[in-house]
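Just so it is clear, none of the values below were taken in a lab; they were calculated from the coordinates. What you see is a predicted model, and the numbers here were worked out from it, not measured in a lab. In this analysis, Cβ positions are derived from the backbone assuming ideal geometry, glycine residues included, and neighbour counts consider all displayed protein chains.
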Amino acid sequence: MADKVEEKKVTKKTTKKIPANKNVEFSATGRRKNSIARVRLVPNGKGQFTINKQNIDEYFVLGVYKLVANQPFEVTGTIGKYDVLVNVHGGGLSGQAGAIRHAVARALVKADESLKAEIKKAGFLTRDARVKERKKYGLKKARKAPQFRKR
């Protein structure tokens, strides 16, 4: 029994063969602040990224938001392999970009389970729970007090 050596589990990076059936889609939901994004990934696409029936360049004017939305593809090296169809509502552009990133990451994991380790390490599968703090009575905002005046 002392001769038994524990073997380390070696995970091989295998990719799923995507069926030729064009009706296959991977969908997921992502959330950030008050934004909710529903994403559908269509494999074997041309790499089109459509948000609320608009191209990503038209929807996100600032390049930062485009980068945030595309981060899961950059981390996994799957840029241009999927068509992305997004319905997003609520919140502002920053929250919407974060919600899209969350949903795309979840959908990529559904599409190819071997990508989960990379995406999880980058932190895209974790929902960012930071939201705006509520206003308290007697204060001007959540923490801002009225100006003090000695009488």
Treating only Lys and Arg (+1) and Asp and Glu (-1) as charged, each at its beta carbon, one finds that segment 26-122 has a dipole about its Cα centre, in Debye to the nearest 20, of 340
Candidates 138, 91, 77, ranked by Gaussian network fluctuation over the chain, Cα under 10 Å, top entry: 138
What angle, in degrees between 0 and 90 and rounded to the nearest 10, separates the Cα long axis of helix 63-76 from the longest principal axis of the Cα atoms of the chain? 30
Segment 106-144: trypsin sites (Lys or Arg not before Pro) falling in loop per DSSP and having at most 16 other Cβ within 10 Å: 127, 130, 132, 134, 135, 136, 140, 141, 143, 144
Using a Förster distance of 25 angstrom, determine the FRET efficiency expected from the C-beta separation of residue 94 and residue 116, and round it to 0.05. 0.45
Paired Rg and Dmax values of segment 26-122, which use every Cα atom, in angstrom: 12.0, 33
Cα-Cα over 28 Å, subset of 66/121; 46/116; 66/135; 53/141: 66/135; 53/141
Counting other C-beta atoms within 10 Å, which of 57, 112 has the fewest, and how do the rest follow? 57, 112
Degrees between helix 93-111 axis and first principal axis of the chain (Cα, 0 to 90, nearest 10): 20
Suppose the chain between residue 144 and residue 54 were pulled fully straight at 0.36 nm per residue; how much longer would it get relative to their current alpha carbon spacing? 28.5 nm
Report, in deg cm²/dmol and to the nearest 500, the calculated mean residue ellipticity at 222 nm for the chain, where each DSSP H run with n ≥ 4 adds -39500 (n - 2.57) and the sum is divided by the residue count. -9000 deg cm²/dmol
